[in-house]
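In what follows, a single structure is set out as structure tokens and then discussed.
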Amino acid sequence: MRPMIPLPSNLYQNLDPEHYMLKSISSMSFCWQPIPRGGMSVPTDRAAFWSGVLSCLLGLFAAADEPWSDQDGLGFIATYCVDCHQPPKPKGGLDLSGQTSREQWVGHALQWEKHLPRVRDNEMPPDDEGVPQPSAEERLSFLQWAQETLRTAACEDGIQPGPPILRRLNRSEYSASVRHLLDVHFDAGEALPEDGAGGEGFDNASETLIISPIHAEKYLDAARSAVAYAFADTRSSKRFMVAEPGEDLSEESAASRILDRFLSSAFRRPVEPAERDTYLDLFRAARLSEQDFHSALQTTLAAAMVSPKFLFLIEAPVESGQVAPVSQEEMASRLSYFLWGAPPDDTLMQMAQSQSLHEPEILAAQVKRMVGKDHERKVRNVAQQFVEQWLGTRALGREFKPDASIEGYDSELEGGMKYEPVFFFQEILSEDRPLTDLIDADYTYINRRLSRHYKVKGEFREQPKRVEIAENPHRGGLLSMAAILAVSSHPHRTSPVLRGKWILETLLGEPPPPPPPDVPELEENSDAKEPASLRERLEAHRQDPSCNACHERMDPLGFSLENYDVLGRWRDQQDGEPIDVTGSLPDGTRFEGPQALKALLMDRKEQVMRHLTRKMLGYALGRGLSPEDYCAAESILSDLREHGYSSHRLLIGIVQSVPFRYKIGPETPSDL
């Protein structure tokens, strides 16, 4: 049986299993966004299918026509769709003959899940002889109308929360939870299978965190090893060995005290006496099997560490269709796994016990405390988890390794490259820096090896340190970081296409559509042909009209970064010729080089901040976003704008939002 993921149940608010959402980027462009939702269930392979069709349907800076009316949208369906989708045998089971009003169309949103991506990918209407075809402008306008109509319907009832959290800890969270529980300093999750990305592109998404037999085996091995290590280390054992049997304390009484403390920490909430007694029974059984006190206790604690109550984040269910605040202990865990990727500390648990974690000012104060310098190791951990997955730099040294022809690459340089964006983002979070620093900044973090690579003078060590780069016009912001420039290149050469795609997808939230079928790869130079520059070969490639629509968006952005080689080193020439870094966008805007590109992105910072807000909200919730979540993201973005794009305002806005503070019960079949 295939694993299942959540699916929304309200027909008026959902496009099963994910929505596309039209969002206004600026007065000049529009973009579609994927919106997963929780509730009922569908197979996860659908999620994989939908992830392949996330794309922006209009050029990044192309002028948009007036939006269509309902009459225009329904007229498109009547002209291009109804012939194939009407009785007696409507194709794909989609009967459009009765969808003659906005309300009827929205009411059949679930049926459109298979078909809107196919309209977008030019698969519908089919390119058969005699079948009328819409123009590219008509196709785009219809899709814009369809998604705007669905978005409006989704937000009519205001912002709504998602379902209670029920998901497994990912590898990083599991390791952090073991360290917190036992005060041991090794990677307990190292042997676990890797977690796949889901939701908004992160490996903490409930949609993909399934559990398999191999997990069960590895968890038991890891628990036994961690507990044995902790018992052998005096400092670690002090964390949980709060009692020892003696003349005045029986073994069972000592075990009971230890279990009270240990289980509350492991399960991240107070435990009931009946829960403790279950493990006390296990301790008794171990003692009867001739284990000594400490061995029996090790067996018992290891058993608690393979309990779902430790391995999963489990929130109490809510009655059907009802909205309820998350409990105090649930809020403590939501906060800690969002901002630390680790369990709540004593402060959070004490505040949960005092019933104060739902007060907005308390939440704001906790955010500032949790990302402060006193917790820099935890903040760096979550910065690494978020940044490496959002920016794609986790691939460096794994899926991406430079070709042997690229000189200067080694493991020491790789480490410095990967740490630069992590330490940089950590400072943005900890110091409440403006999030626009991501686009351009006068500082970065480099270590000894990376300083030589960037030709930055000064005293450096293996640990990255902050350096001012205001006088260095070639550095500043994400786009000049070696790790990003590398993973957006080919192993043997730079790629304006990949770098342009990276900007569209990662910073602007506009992943371009997949290339049309049967489009040949870009030809490399060969001895048999007249040598041509990369720009000349790409311009020839763009002569194909089916290629030009995307390349005219991607290529100019990527060419502006051609002064950086595969490893992010600055260069003015290639093969003895000056590098051409000029670009022209579809709307006629011309620019030259990375500084002009950063200025262009700064002019469109609202779009970058919108995409970052959605990414961070999805990461915080540990699931894909719904249309209601999209409405919450817009509210957070509005507050963020008013506060100068402060990083703390983003975090505070998320933890004070409805989706973060509340949960909703699933609707019953009679509600559908």
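At-a-glance table
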{"read-out": "Pairs, first farther than 16 Å from residue 553 by Cα and in contact (Cβ under 8 Å) with a residue 24 or more places away in the chain in region 590-601, second part of a helix (DSSP H, G or I) and open to solvent by 50 Å² or more (accessible area, probe 1.4 Å), C-beta under 8 Å, six or more apart", "value": "none"}
{"read-out": "Unmet requirement for residue 649, which otherwise passes all of (1) in contact with a Leu (Cβ under 8 Å, 6 or more places away or on another chain); (2) open to solvent by 30 Å² or more (accessible area, probe 1.4 Å); (3) not in a helix (DSSP H, G or I)", "value": "(3)"}
{"read-out": "Some residue of region 139-160 being surrounded by fewer than 18 Cβ atoms within 10 Å (Cβ to Cβ) and either touching a Lys or Arg at 6+ places or on another chain (Cβ under 7 Å) or farther than 24 Å from residue 632 by Cβ (or both)", "value": "no"}
{"read-out": "Any chance residue 499 is of a type in the set (D, E, K, R), within 28 Å of residue 615 (Cα to Cα), part of a helix (DSSP H, G or I) and at pLDDT 95 or above", "value": "yes"}
{"read-out": "Selected residue [open to solvent by 40 Å² or more (accessible area, probe 1.4 Å), under 16 Å from residue 144 (Cβ atoms) and of a type in the set (Asp, Glu)] from 95, 72", "value": "72"}
{"read-out": "Enumeration of residues in region 366-379 that are open to solvent by 40 Å² or more (accessible area, probe 1.4 Å) and closer than 15 Å to residue 336 by Cβ", "value": "368, 369, 374, 377, 378"}
{"read-out": "Candidate set from region 562-576 (those that are on the phi > 0 side of the Ramachandran plot and open to solvent by less than 80 Å² (accessible area, probe 1.4 Å)); member that is modelled with the lowest pLDDT", "value": "576"}
{"read-out": "Failed criterion for residue 664 (all others in (1) among the hydrophobic types (A, V, I, L, M, F, W, C); (2) surrounded by fewer than 23 Cβ atoms within 10 Å (Cβ to Cβ); (3) under 19 Å from the mean Cα position of the chain (by Cα) hold)", "value": "(3)"}
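Condition check ((1) under 20 Å from residue 100 (Cα atoms); (2) more than 32 Å from the chain's Cα centre (by Cα); (3) not in a helix (DSSP H, G or I)) across all residues:
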site	(1), (2), (3)
117	no, no, no
126	no, yes, yes
142	yes, no, no
145	yes, no, no
157	no, no, yes
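The values are calculated or read from the model by the stated rules, or taken from the named source; none is laboratory data. Remember, predicted model here, so these are calculated numbers, not experimental data. Neighbour counts run over all protein chains shown; Cβ positions are idealised from the backbone, glycine included. Ligands, DNA and RNA are excluded from the accessible area calculation, which covers all protein heavy atoms including side chains. Shrake-Rupley method; radii C 1.70, N 1.55, O 1.52, S 1.80 Å.
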